[in-house]
1. Restricting the range 150-183 to residues that are touching a helix residue (DSSP H, G or I) at 6+ places or on another chain (Cβ under 6 Å) and assigned to a helix (DSSP H, G or I), which is nearest to the ligand (Cβ to nearest atom)?
2. For the range 77-108: of the residues being among the small types (Gly, Ala, Ser) and under 18 Å from the mean Cα position of the chain (by Cα), which is nearest to the ligand (Cβ to nearest atom)?
3. Mind listing whichever residues of the range 189-225 are under 19 Å from Pro320 (Cβ atoms), within 16 Å of the ligand (Cβ to nearest atom) and not hydrophobic (A, V, I, L, M, F, W, C)?
4. Which pairs do you get when a residue that is at negative phi, found in the range 89-111, comes within reach of a residue that is away from the ligand (no atom under 16 Å from the Cβ) and aromatic (Phe, Trp, Tyr), reach meaning Cβ atoms under 6 angstrom, with the pair 6+ apart or on two chains?
5. Quick one: how many residues across the range 368-384 are buried (at least 24 other Cβ atoms within 10 Å of the Cβ) and either free of Cβ contacts under 8 Å to residues at least 40 places away in the same chain or not assigned by TED's automatic domain parsing to the domain that holds Met287 (or both)?
6. Can you confirm whether Thr108 is modelled with pLDDT of 95 or more and in contact with a Pro (Cβ under 7 Å, 6 or more places away or on another chain)?
7. Which one is nearest to the ligand (Cβ to nearest atom), of the residues in the range 9-34 that are surrounded by 24 or more Cβ atoms within 10 Å (Cβ to Cβ) and hydroxyl-bearing (Ser, Thr, Tyr)?
8. Which number in (1) under 24 Å from the mean Cα position of the chain (by Cα); (2) assigned to a helix (DSSP H, G or I); (3) surrounded by fewer than 22 Cβ atoms within 10 Å (Cβ to Cβ); (4) without any contact (Cβ under 8 Å) to a residue 40 or more places away in the chain marks the one condition that Ile361 misses?
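The values are calculated or read from the model by the stated rules, or taken from the named source; none is laboratory data. In this text the structure is predicted, and so the values were computed from the model without any measurement. No Cβ is skipped: glycine too gets one built from the backbone with ideal geometry, and neighbour counts run over all protein chains shown.
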Amino acid sequence: MSLEQAVSFIAQPGGHLTGTIRVPGDKSISHRSIMLGSLSDGAMTITGFLRGEDSLATLKAFKVMGVDIEGPDESGKIAIHGVGMHGLKPPAEPLNLGNSGTSMRLLTGLLSCQGFDITLTGDHSLSSRPMTRVTEPITQMGAVIETTETGTAPLHIKSTADVRLNAIDYVLPMASAQVKSCILLAGLYAEGRTCVTEPAPTRDHTERMLQGFGYPLEINRLDEQRRTICIEGGGKLTACDIDVPSDISSAAFYLVGASIAEGSELTLKHVGINPTRMGIINILNLMGADITLFNEQEVGGEPVADIGVRSARLKGIHIPEDQVPLAIDEFPAIAIAAACAEGQTILTGAEELRVKESDRIQAMEDGLKILGINCQGTRDGMIIKGGQIGSGIVDSMGDHRIAMSFAMAALKSSGVITIRDCANVNTSFPNFIQLAQSCGLKVEAD
Ligand code: S3P
């Protein structure tokens, strides 16, 4: 374990969450704003950009590929002078994308036909995550990409100099916004019309932002679940300012914390409520949460609202499988809600959780068991019986969302919860501790 990883969170039991807070900017939208802004014609500004390590890894990658980017300042303001679709320069060194799966998977599509060789690397966790889900379709389009024998990073993208990519018609084998986005971004450079069909709705920030930059897309609903998105290669992106809303995935910890801790009354300002991200609110509502949306408005093509949450008696449910892709990053937090709920909560259809920043089914099962909760991981989910959360030392497995979820569990624990290996909270939520303290969580970093 490196010194950096040696950060622990120590959370004292009890308390409640009150006040009005604004969590940092949306990670998915922050990544995409840098990518599309860099390739656009003209100057644009981003406000509310997430100054977390993941989105900063994307920002740095475009800087070293010759894009003039100023910021972010304290408030998350950035100015980008786009270089156009063909203006990126070969970087002198491999692009190290740290812990960020979104950077690596989206850039694999975007950089697959730039006319120069490029290598993408990442940290230990990112280097063990599956990448053939993106390299396979992009290779079908004519790109040349080498992975390790097990299909992981480093990824070596070879120059296909004067070859344009071929358009493909691709049916995603899993509901993944990262894979969908990777193919659509490669499709910008393909000869003809690239189409991607998703088996269930996944976050649609790429589609919304492409349209915001004036790039036409065709979106067809095949049925309740499946949609096909088609893009014609060879167009251009017109610079457009972006206001990044607060990240509902960061708000999720507070929605769960305020729901489980008696006497809580919390308002979260300016949170993105894109329907493809609303799983956390839908699931908590089914469990009996007291959540209200107000000041709903549309900001730069994304719906935004203030969210009020009060403590409530939660009950266990069988989580509807159609909510799984819509809450894919929120299951560590939902597992804490389930541990505090009356009765049993069953999660199925969520095998993707095994290949996130950690194996999140295993990480939550291990941690909850240490805290005395009766739970069982399954191939594609978990069964959790609500009970009294005890105390103990749990391991976040270097996963930001596991760390923040167990910190919230202390609101209902009988003793201190120590969480190991928390440095990666900085990837998505650098001020988590300060903000949590400001509204009542008795947590500190050690
Ligand atoms: C993301 C998509 C999701 C999510 C990740 C961010 C994105 O991954 O887990 O944190 O920005 O597109 P998958 O689409 O692979 O499920």
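1. Checked the range 150-183; the qualifying residue nearest to the ligand (Cβ to nearest atom) is Gln178.
2. Gly101
3. Glu198, Pro199, Pro201, Thr202, Arg203, Gln225
4. Final answer for the pair search is Pro90/Phe116.
5. Of the residues in the range 368-384, 1 are buried (at least 24 other Cβ atoms within 10 Å of the Cβ) and either free of Cβ contacts under 8 Å to residues at least 40 places away in the same chain or not assigned by TED's automatic domain parsing to the domain that holds Met287 (or both).
6. Against the criterion (modelled with pLDDT of 95 or more and in contact with a Pro (Cβ under 7 Å, 6 or more places away or on another chain)), Thr108 does not qualify.
7. The extreme case among them is Ser28.
8. Of (1) under 24 Å from the mean Cα position of the chain (by Cα); (2) assigned to a helix (DSSP H, G or I); (3) surrounded by fewer than 22 Cβ atoms within 10 Å (Cβ to Cβ); (4) without any contact (Cβ under 8 Å) to a residue 40 or more places away in the chain, only one is false for Ile361: (3).
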